[in-house]
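Contents: one structure, followed by commentary.
The values are calculated or read from the model by the stated rules, or taken from the named source; none is laboratory data. Please read all numbers here as calculations on a predicted model, not as lab measurements. Note: ideal-geometry Cβ built from the backbone for every residue, glycine included; neighbour counts use all protein chains shown.
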Amino acid sequence: MSGPLGKTLAELRERLPPVPARRAVELVNDGALLVDIREADEIAQGTPVEAARYGRGFLEMRLDQNDIASERTILLMCASGARSLLAADELRRLGYTDTYSVDGGFDAWKQAGLPFETPATLDTADRARYARQITLPEIGEGGQAKLAAARVLIIGAGGLGSPVGFYLAAAGVGHIGIVDHDILERSNLHRQIVHRDAAVGESKARSARDTLAALNPSIHIEPIEQRVTPETAPELVAGYDLVVDGSDNFDARFAINDACVAADIPLIFGAVERFDGQVGLFPAGGQPCYRCLFPEMPPAEAAPSCADAGVLGAVPGVVGTLQAVEALKHLAGEPDTLAGRILALDTKRQHWRTITLPAGGNCDTCG
């Protein structure tokens with residue numbers, strides 16, 4: 001390059017000598033962070049397997065959001081090494097003290113025969129459908145591809161499962177299983193919004209499938225008309241990446257929790273009563289798990305059903321939507337979730353608080 005830009009790049013090469021591709025691999029093995037700052041269409045042609053894909057436009061924001069320490073070694077990669085050199089200089093100005101450009105960029109990486117992968121790409125229809133979601137730097141095309149590849153099991157097609165199903169289907173989660181053995185009753189409709197009056201008397205699982213398939217025909221919805229028990233739960237959760245529990249009784253919750261802990265599958269919990277609700281995420285393998293929150297089955301009078309205690313229809317809508325938010329964050333790889341915490345909602349007074357659960361402890365299931 002000639003002119004002012006060429007002169008600037010030459011000066012930067014003297015001051016911040018770029019790191020050769022093979023040396024970059026050694027540094028990554030020692031704990032350095034490799035960041036591909038190219039645009040989505042460039043990354044679609046290939047990217048190093050170990051690279052974070054932040055994009056130049058959101059680089060500083062993503063480093064801050066992911067709590068990347070200012071003293072950590074950061075290696076930036078573009079196509080040929082020019083953009084990454086300028087970005088390395090900018091990060092140095094911001095206080096990231098050990099930042100370098102990968103010499104020759106991705107072109108040099110390929111020429112050196114170093115490992116790379118070709119990420120899944122979206123077609124034109126998917127880019128249009130998920131455009132507002134892909135625009136988020138926390139999602140992007142990479143996160144959308146993760147959602148498309150994900151398998152999520154929803155327990156219950158009721159007040160909680162309805163908004164969970166709607167938002168996971170709308171977001172493009174590729175395979176959604178819906179477990180519910182019940183038949184739809186008219187008294188369900190004020191809160192179980194995935195169903196229609198015409199479906200009264202039909203299977204809830206199949207009714208939910210029909211609604212969600214109409215919303216997003218490009219994904220797979222699997223209705224599972226089966227009761228959740230300690231015997232059936234292990235088979236139900238097998239093969240899924242995430243389970244979202246929208247059941248309404250402790251027997252089912254304990255069974256699903258135990259199966260998820262045994263299968264090393266993360267579980268998103270939700271519950272409602274009257275104007276109150278709870279949401280939490282129990283990580284794969286537990287520690288903590290649902291039994292850390294409720295070690296023993298509470299007495300029946302302490303946990304009345306919606307039929308006995310009543311519920312404002314919008315409350316499970318709020319709780320189920322929060323479950324869907326946590327599910328999408330987890331699937332997209334966002335680190336800031338409710339893992340190990342319970343969000344308790346009092347919607348009557350609009351009082352929300354977060355409770356941190358101890359990890360493992362003396363729990364017989366996950367400890």
Just name the residue that is nearest to GLN287 (Cα to Cα) out of those in the stretch 350-362 that are touching a residue at least 12 places away in the same chain (Cβ under 8 Å) and assigned to a strand (DSSP E or B).
THR356
Of all residues in the stretch 92-126 being in contact with a strand residue (DSSP E or B) (Cβ under 7 Å, 6 or more places away or on another chain) and within 30 Å of PRO217 (Cα to Cα), the one that is modelled with the highest pLDDT:
GLU117
Quick check on the stretch 137-145. Is at least one of its residues surrounded by fewer than 17 Cβ atoms within 10 Å (Cβ to Cβ), modelled with pLDDT under 95 and more than 19 Å from ASN29 (Cα to Cα)?
yes
Checked SER207, SER218 against criteria (touching a helix residue (DSSP H, G or I) at 6+ places or on another chain (Cβ under 8 Å), of a type in the set (Ser, Thr, Tyr) and not in a loop (DSSP other than H, G, I, E, B)); the one match is SER207
Taking the conditions exactly as written (assigned by TED's automatic domain parsing to the domain that holds THR229, surrounded by fewer than 16 Cβ atoms within 10 Å (Cβ to Cβ) and in contact with an Asp or Glu (Cβ under 6 Å, 6 or more places away or on another chain)), does HIS190 satisfy them or not?
no
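Yes/no matrix, rows are residues, columns are (1) of a type in the set (S, T, N, Q); (2) loosely packed, with under 13 Cβ neighbours inside 10 Å; (3) over 17 Å from ALA52 (Cα atoms); (4) in the same structural domain as ILE68 (by TED's automatic domain parsing):
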| position | (1), (2), (3), (4) |
| --- | --- |
| TYR96 | no, no, no, yes |
| TYR100 | no, no, no, yes |
| ASP103 | no, no, yes, yes |
| ALA108 | no, no, yes, yes |
| ASP123 | no, yes, yes, no |
| ASP126 | no, no, yes, no |
| ARG129 | no, no, yes, no |
| ILE134 | no, no, no, no |
Across the stretch 226-240, what is the total count of residues that are surrounded by 14 or more Cβ atoms within 10 Å (Cβ to Cβ), more than 20 Å from the chain's Cα centre (by Cα) and assigned to a helix (DSSP H, G or I)?
3
Being without any contact (Cβ under 8 Å) to a residue 40 or more places away in the chain, under 19 Å from THR321 (Cβ atoms) and hydrophobic (A, V, I, L, M, F, W, C) narrows VAL200, VAL164, VAL194 down to just VAL194
Which residue is surrounded by the most Cβ atoms within 10 Å (Cβ to Cβ), if the candidates are limited to the stretch 24-60 and must be closer than 15 Å to PRO115 by Cα, touching a Leu at 6+ places or on another chain (Cβ under 9 Å) and not aliphatic (A, V, I, L, M)?
ASP36
So which helices (runs of 4 or more DSSP H) stay within the stretch 241-349 end to end and still have 1 or more residues that are in contact with a Leu (Cβ under 7 Å, 6 or more places away or on another chain) and under 30 Å from LEU136 (Cα atoms)?
314-332
What is the residue count in the stretch 52-98 for residues that are among the hydroxyl-bearing types (Ser, Thr, Tyr) and part of a helix (DSSP H, G or I)?
1
Residue list for the stretch 185-199, filter: more than 22 Å from ASN216 (Cα to Cα) and touching a helix residue (DSSP H, G or I) at 6+ places or on another chain (Cβ under 6 Å)
none
Sole miss for PRO223 among (1) free of Cβ contacts under 8 Å to residues at least 12 places away in the same chain; (2) more than 22 Å from the chain's Cα centre (by Cα); (3) outside any loop (DSSP other than H, G, I, E, B) is condition (1)
